Amino acid sequence: MRRYSLRGVALVYLASILVGPLLIVFWRTFQHGVGPAWDALSAPDTIHAFKLTLIITAIAVPLNTAFGILCALTVVRRDFPGKGVLNAFVDLPLALSPVVVGLALFLLYGRAGWFGPWMTRHGIQFLFALPAMVAATIFVSLPFVAREVVPTLREIGDEQEQAARTLGAGSWQTFWRITLPSIRAAVMYGVILTTARCLGEYGAVAVVSGRIQGVTETATLRVQERYESFDLAGAYAISMVLALVAVLVLLTTNLLKPKEVA
Amino acid sequence: MSIEVRSVSKRFGEFTALHDVSLHVEGGSLTALLGPSGSGKSTLLRIIAGLEAPDAGDVFISGALATSVKPQKRNVGFVFQHYAAFKHMTVRDNVAFGLKVRKRPKDEIRDRVERLLNLVQLEAFGDRYPSQLSGGQRQRMALARALAPEPQVLLLDEPFGALDARVRAELREWLRRLHEEVHVTTIFVTHDQAEAMDVASQIAVLNGGRIEQVGSPDELYDEPQTEFVMRFVGEANRIGARWVRPHDLEIAHDPAAGAVEATIERISRLGFEARVELVAADGEPVVVQTTRDMLDDLDVRRGQVVWVSPARERVFAESSSST
């Protein structure tokens, strides 16, 4: 009985916090039929916003995956002065508000910033363009792969890698044949979390993008813009797509997770 | 295929793991590095394999300087205490690993892997994963994997340490037979003196990062050169400043020259053998090993005061180790 009541509490909590709002978004989207929702989603600016979100994600996720694995390997397998600092810095984006990240980029690359004048002279458009948005997204989604991989690397230890070395494998062969397969589940899980974070990023990108419709407007920024323009159907429709992607990501995560535990 | 360790030292922070250690291992021999934990035996093995770099000194394999050669170029087989099985690969892929990274032809790899699986009696388990094997089977797989690239030297770090007593004894016997068949220069690390005496043709006893003595099992037992070797290899009693093996002691009712007074604490009969535990007048515990018949003839009981005299004893000039 106790098991069922515990389960009941968990389910009611989830329903009110997570499922309820999701269902409302879904219901609101199709409140006036499929037509308005489809119109909102097929508007050129909306399509552009989705495209931009995907492009940013497609750049940020592979970079953060490579960096995350490298960073985890460095933290777990190497010993050097300043290791603690590196370890702490990887967590920084989790603690820092994305708006602050955006502001920091603004201060660095703005017209009065450290790198701003140099970039202007060389004709590089950083702020209010793709580079700044990618940088902001990379920053906020940095820790996830490293955070997932570090405990797994610690758990598997380095004996398998040493065994591979004595069997004649170089560092590159050892990484591809032994280390990577051993941490694959953790990397996948980290990639999924990173992807979710990139798709949903709002604060930092809002600050550095300039929110130019059809140019630097991502899907999340577009939701806000539609909402402020009293186009509730449009806002709900885009939200629904983002929510669906989030649900998909969650499902994939759950499919991967039990394997890692077993 | 000989191994030469010359004046090797290694420190880990404040801890000196090896202190100016030199060792010669004959090609084709089966050598044990024996010592208590922290004696530096594993560190020495890992330095020979190239998994640790010495702070000073050199390692020669087959006469060639190997000190700065990377482990993957040394052509050594290494077996770890906890198997270090590649968990995501089948037994067959584990054994084939060393050949695959050397890009050997597929046919050759297949044949050699099958031969090795036969050798370690795992031919029926080739498609299993390490998690589906018992500890003893995993260690045999690790051994086949280490032997696959035909190493010049086979190094085993406490290979049977994680196994239960029965499997241990089985694998010990099995390693000895394997060595007779394959004849690769083999060094294994153990803290179990019975294991070292049983398997090895040469034993190097380590203590506190130094080599105490190198010799055959009989030499170490019969002619220990230091107090530590006397105590560590086989059982030993201290009677005053003298060291005596339990079977070199005699119990008598009356005093004799060189005998010490002792009180019997416990008598245990183990089939043919009998053990008498006593406490000498100076408080030192003494163990006497004798036969059951001799004990019956003596007719002694617990609590009785007797005289114990050494038939054969040793005095070590220099106390090389702390108790």
The extension gain from B:D127 to B:H88, computed as 0.36 nm times the residue separation minus the Cα-Cα distance, is 12.9 nm
Out of B:A241, B:P36, B:Q225 - ranked by how far each Cα lies towards the positive end of the dipole of chain B, with unit charges on the beta-carbon of charged residues - the top one is B:P36
Kindly state, to the nearest 0.05, the FRET efficiency for B:S37 paired with B:V182, given R0 = 41 Å and r defined as their beta-carbon distance. 0.90
Cα radius of gyration and Dmax for the protein assembly as shown (Å): 35.0, 115
Could you tell me how far the Cα centroid of segment B:19-90 sits from the Cα centroid of segment A:7-62, in Å? 59
Partner aspartates and glutamates for B:K106 [C-alpha distance under 14 Å; skip if fewer than 8 residues away on the same chain]: B:D93, B:E114
Could you tell me the calculated FRET efficiency between B:R269 and A:R77, based on Cβ-Cβ distance and R0 = 35 angstrom, to the nearest 0.05? 0.05
Could you work out which residue, out of B:S268, B:S29, B:S39, moves most in a Gaussian network model of chain B, that is, has the largest mean-square fluctuation with Cα springs under 10 Å? B:S268
Rounded if a/c is under 1.5, else prolate if a/b is larger than b/c, else oblate: which is chain A, with a ≥ b ≥ c the root eigenvalues of its Cα gyration tensor? oblate
Bin width 5 Å, alpha-carbon pairs only: give the P(r) of segment A:47-93 as whole percents, running from 0 to the bin holding the largest distance. 5, 18, 20, 18, 13, 10, 8, 5, 3, 1
Rounded to whole Å, √(5λ) for the Cα gyration tensor eigenvalues of segment B:3-112, largest first, gives 30, 17, 13
Anyone know which of B:T43, B:T31, B:T290 comes out most mobile in the 10 Å Cα GNM of chain B? B:T290
For segment B:111-159 and segment A:162-193, compute the distance between their C-alpha centroids and round to whole Å. 21
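Contour minus end-to-end for B:E235 and B:E277, with contour as 0.36 nm per residue of separation and end-to-end as the Cα-Cα distance?
13.9 nm
Please list the three semi-axes, largest first and in whole Å, of the ellipsoid equivalent to segment B:68-163, using sqrt of 5 times the eigenvalues of its alpha carbon gyration tensor.
With the √(5λ) rule applied to segment B:68-163, the semi-axes are 19, 18, 11 Å.
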Let me check against my output: what whole-number percent is the relative contact order of segment B:140-239, with C-alpha pairs under 8 Å and at least 6 apart? 19
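What per residue convex hull volume, in Å³, do the alpha-carbon atoms of segment B:3-227 yield?
126
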Pseudo-spin-label distance A:D39 to B:A256, built 7 Å along Cα→Cβ, given in nm, is 11.8
Seen from all sides and averaged, what is the projected area of the convex hull of the Cα atoms in segment B:238-310, in nm²? 4.3
Which of the lysines could a cross-linker span from B:K41 if the Cα-Cα distance has to be under 26 Å and same-chain partners fewer than 8 positions apart are dropped? B:K10, B:K70, B:K73
Per-pair calculated FRET efficiency, R0 = 51 Å: A:S171 and A:K51 via Cβ, rounded to 0.05: 0.85
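Ratio to report: Rg/Rh of segment A:166-262, with Cα atoms as the point set and Rh obtained by the Kirkwood method; give two decimals. Show your work: numbers first, answer last.
Working: Rg = 19.7 Å, Rh = 16.3 Å.
Computed over Cα atoms, the ratio is 1.21.
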Dipole magnitude of segment A:118-262 about its Cα centre (Cβ charges: Lys, Arg +1; Asp, Glu -1), debye to nearest 20: 180
Along the Cα→Cβ direction, 7 angstrom out, place labels at B:D107 and A:L108. What is the inter-label distance in nm? 5.9
Label-to-label distance, nm, for residues given as A:S229 and A:V247 (7 Å Cα→Cβ offset): 2.7
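A short reminder: the numbers here are calculations on the coordinates, not readings from a lab. Since the structure is predicted, the reported quantities are computational estimates derived from the model, not experimental observations. No Cβ is skipped: glycine too gets one built from the backbone with ideal geometry, and neighbour counts run over all protein chains shown.
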